[in-house]
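Report on the following structure.
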Amino acid sequence: MQKNPRILQFFKSLKFRLILLAAVLVIVPGVILSVGILNSYHKRTISIRESEVLSQAKILANQISTSSYMDGSGQGTATIQAQMDMLTTIYNGRIMIVDSTFRIIYDTYNIGMHKTIISEEVIKSFSGQEIVSYDAENNYIEMSIPVSNPEDASGMIRGVLLVSVSTDNVELALSHLRQVAVIICMTVMALLIFGSVLFILYLMRPLRRISDEIAAIETGYGDYSLQVNDYTETIRICEKFNTMLAHMKVMDDSRQEFVSNVSHELKTPLTSIKVLADSINSMPDAPKELYQEFMGDITNEIERETKIVNDLLSLVKMDKSAADLNIAAVNINELLEQILKRLQPIADKQKVELVLETFRPITAEVDEVKLTLAITNLIENGIKYNKTDGEGWVHVTLNADHQYFYLKVEDSGIGIPEEDLEHIYERFYRVDKSHSREIGGTGLGLAIARSSILMHRGAIKVYSVPEEGTTFDVRIPLLYHVGGAK
Ligand code: ADP
């Protein structure tokens with residue numbers, strides 16, 4: 001049960017595939033090479049044997065034709081026959097002489113004498129052709145050679161010399177050679193495959209080191225970094241891994257910082273409440289008015305605590321994936337009017353003029369609740385961080401092209417110093433902590449606004465001049481595309 005996955009893992013491994021590749025690269029050419037060499041050696045040996053026998057047979061045919069052998073006169077017959085016997089012994093073969101009446105007049109095997117032989121080869125040779133053929137199945141070479149007298153001007157063919165030679169000894173030598181070749185080939189292949197396996201295992205070592213080092217880092221990535229510099233590829237993997245590790249560390253640090261900030265922010269109102277309550281307790285004879293004042297302060301602190309908790313909950317919602325967006329077609333003009341109506345009392349209280357300017361009716365695919373939160377935070381900031389002498393204003397402008405709608409929130413407020421601009425979206429970041437606290441800020445509003453806008457695949461930019469005012473530019477796609485892009 002347990003072994004199966006391990007075997008499967010081995011078959012799926014790069015190691016196994018490389019070993020398989022090496023084996024194929026060694027075995028296939030090895031087999032092709034040895035079979036090819038043996039075959040060509042076989043052909044060559046047979047063709048040498050053929051030409052050897054052919055030249056001997058031609059000499060013999062020549063001798064026969066120049067002698068009076070065919071006439072049966074007996075002159076030189078014994079010599080020629082002795083020569084034929086010798087040739088058949090050397091080459092392990094048989095020689096027959098056929099005369100013009102297709103009768104066998106000599107057979108070194110002595111069994112065919114005086115018989116008639118009318119074969120295709122014999123007939124062809126009587127018309128002057130030399131025929132050589134190799135019978136691979138029965139291992140012999142056969143040839144039929146015309147016997148004619150070159151001095152005879154008519155060129156008449158007087159007989160045919162039939163020679164057959166066994167190639168058994170060639171095959172024997174070849175089969176021995178084949179055995180030797182197989183042994184040598186197998187040994188060389190085994191050595192090559194063994195060598196390749198060792199080399200592959202050596203090549204794979206850096207990969208193993210990478211996984212070992214990652215396992216070591218897993219136990220506490222504090223001060224570790226991955227360093228396997230053997231190949232360009234491993235260097236690249238290590239670089240990417242270390243970048244990811246650094247990123248994770250930053251995220252971990254920021255999470256820890258966030259938790260500590262949250263604890264601190266939640267503790268502040270509680271500490272105030274405790275101080276206020278202790279003070280009242282230590283003054284049993286305090287007048288009713290003092291009690292009421294202290295209770296009012298306690299209520300304010302409780303309200304503040306509630307606001308922080310609510311903002312934190314909103315932020316957590318924004319941190320979820322884009323899949324949690326509740327997208328619907330929303331009339332943005334109406335949405336802005338509602339938001340401004342809701343904020344009007346705060347603006348009135350601060351003596352800040354609130355102006356909305358829209359250039360066209362706009363409908364966009366957005367999450368109404370989340371977008372409302374973002375826009376409310378931006379406009380509320382414009383009101384909160386503004387002049388209170390009745391000169392202050394906040395201008396909200398809405399426009400669109402065929403792809404995006406653009407929202408501009410411009411105020412005549414206190415502005416943001418340049419060095420703070422890059423931090424204002426951080427959670428709990430406040431330019432002037434005590435001022436922000438005084439006016440009920442939690443430092444989470446812009447973080448919530450930015451998250452919401454990014455979830456809509458939009459963008460937010462800020463421009464500010466201290467003492468003059470601040471402008472937030474927001475751009476959001478009219479159509480929401482699932483899975484990214486515009
Ligand atoms: P807060 O709840 O404190 O307003 P935000 O995240 O909304 O927190 O804003 C972060 C800080 O950025 C604020 O404390 C304030 O100092 C500064 N800020 C934001 N908006 C404006 C603005 N319109 N004008 C001036 N300062 C601003």
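The values are calculated or read from the model by the stated rules, or taken from the named source; none is laboratory data. Here the structure is a predicted model, which is why all the values come from computation and not from measurement. Using ideal geometry, Cβ is built from the backbone for each residue, glycine included, and neighbour counts are taken over all protein chains shown. For accessibility, only protein heavy atoms count, side chains too; no ligands or nucleic acids. Shrake-Rupley method; radii C 1.70, N 1.55, O 1.52, S 1.80 Å.
Restricting the first residue to the range 259-273 and requiring it to be closer than 14 Å to Asn300 by Cβ, which pairs with a second residue that is in a helix (DSSP H, G or I) and open to solvent by 60 Å² or more (accessible area, probe 1.4 Å) meet a Cβ separation below 9 Å and a spacing of at least six or different chains?
Listed pairs, sorted by first residue: Thr268/Arg437; Pro269/Asn300; Pro269/Ile302; Pro269/Glu303; Ser272/Asn300; Ile273/Ile302.
Any residue at all in the range 153-171 that's in a helix (DSSP H, G or I), open to solvent by less than 20 Å² (accessible area, probe 1.4 Å) and at pLDDT below 90? Show your work before the answer.
Looking only at the range 153-171, we keep the residues that are in a helix (DSSP H, G or I), and these are 168-171.
With open to solvent by less than 20 Å² (accessible area, probe 1.4 Å) added as a condition, the list becomes 170.
Those still in the list that are at pLDDT below 90 too: 170.
Within the range 153-171 (the criterion being in a helix (DSSP H, G or I), open to solvent by less than 20 Å² (accessible area, probe 1.4 Å) and at pLDDT below 90), the answer is yes, since at least one residue qualifies.
Please enumerate the residues belonging to the range 93-122 that are hydrophobic (A, V, I, L, M, F, W, C) and in a loop (DSSP other than H, G, I, E, B).
Keep residues of the range 93-122 that are hydrophobic (A, V, I, L, M, F, W, C), which gives 95-98, 102, 104-105, 111, 113, 117-118, 122.
Residues satisfying the conditions are Phe102, Ile111, Met113, Ile117, Ile118.
Can you tell me which residues in the range 369-386 are in a helix (DSSP H, G or I), of a type outside the set (A, V, I, L, M) and within 11 Å of the ligand (Cβ to nearest atom)? Reasoning before the result, please.
Step one: filter the range 369-386 for residues in a helix (DSSP H, G or I), giving 369-384.
Add one more test, that the residue is of a type outside the set (A, V, I, L, M), and what stays is 370, 372, 376-377, 380-382, 384.
The answer is Thr376, Asn377, Glu380, Asn381, Gly382, Lys384.
I'd like the full set of residues that are at pLDDT 90 or above and aromatic (Phe, Trp, Tyr), limited to the range 84-105.
Phe102 - this is the single residue of the range 84-105 that is at pLDDT 90 or above and aromatic (Phe, Trp, Tyr).
Given (1) open to solvent by 30 Å² or more (accessible area, probe 1.4 Å); (2) at pLDDT below 90; (3) more than 30 Å from Asp107 (Cβ to Cβ), where does Ile217 come up short, assuming only one miss?
Every condition holds for Ile217 apart from (1).
Out of Ile105, Ile117, Ile145, Ile80, which single residue is in contact with a strand residue (DSSP E or B) (Cβ under 6 Å, 6 or more places away or on another chain), open to solvent by less than 30 Å² (accessible area, probe 1.4 Å) and among the β-branched types (Val, Ile, Thr)? Show your work before the answer.
Values: Ile105 fails: open to solvent by less than 30 Å² (accessible area, probe 1.4 Å); Ile117 fails: open to solvent by less than 30 Å² (accessible area, probe 1.4 Å); Ile80 fails: in contact with a strand residue (DSSP E or B) (Cβ under 6 Å, 6 or more places away or on another chain).
Ile145 is the lone residue from the list that is in contact with a strand residue (DSSP E or B) (Cβ under 6 Å, 6 or more places away or on another chain), open to solvent by less than 30 Å² (accessible area, probe 1.4 Å) and among the β-branched types (Val, Ile, Thr).
Any idea which of Ser65, Ser34, Ser55 is part of a helix (DSSP H, G or I) and open to solvent by 40 Å² or more (accessible area, probe 1.4 Å)?
Working: Ser65 fails: open to solvent by 40 Å² or more (accessible area, probe 1.4 Å); Ser34 fails: open to solvent by 40 Å² or more (accessible area, probe 1.4 Å).
Step by step, each of Ser65, Ser34, Ser55 is checked, and only Ser55 is part of a helix (DSSP H, G or I) and open to solvent by 40 Å² or more (accessible area, probe 1.4 Å).
Pick out the one residue from Asp420, Asp389 that is within 12 Å of the ligand (Cβ to nearest atom), closer than 29 Å to Arg304 by Cα, of a type in the set (Asp, Glu) and in the same structural domain as Ala364 (by TED's automatic domain parsing).
On the way: Asp389 fails: within 12 Å of the ligand (Cβ to nearest atom).
Testing whether each residue is within 12 Å of the ligand (Cβ to nearest atom), closer than 29 Å to Arg304 by Cα, of a type in the set (Asp, Glu) and in the same structural domain as Ala364 (by TED's automatic domain parsing) leaves just Asp420.
If you check His435 against the conditions, is it in the same structural domain as Glu337 (by TED's automatic domain parsing) and away from the ligand (no atom under 13 Å from the Cβ)?
Numbers: in the same structural domain as Glu337 (by TED's automatic domain parsing): yes; away from the ligand (no atom under 13 Å from the Cβ): no.
It is false that His435 is in the same structural domain as Glu337 (by TED's automatic domain parsing) and away from the ligand (no atom under 13 Å from the Cβ).
Checking Thr45 against (1) touching a residue at least 12 places away in the same chain (Cβ under 8 Å); (2) over 60 Å from the mean Cα position of the chain (by Cα), which single condition isn't satisfied?
(2)
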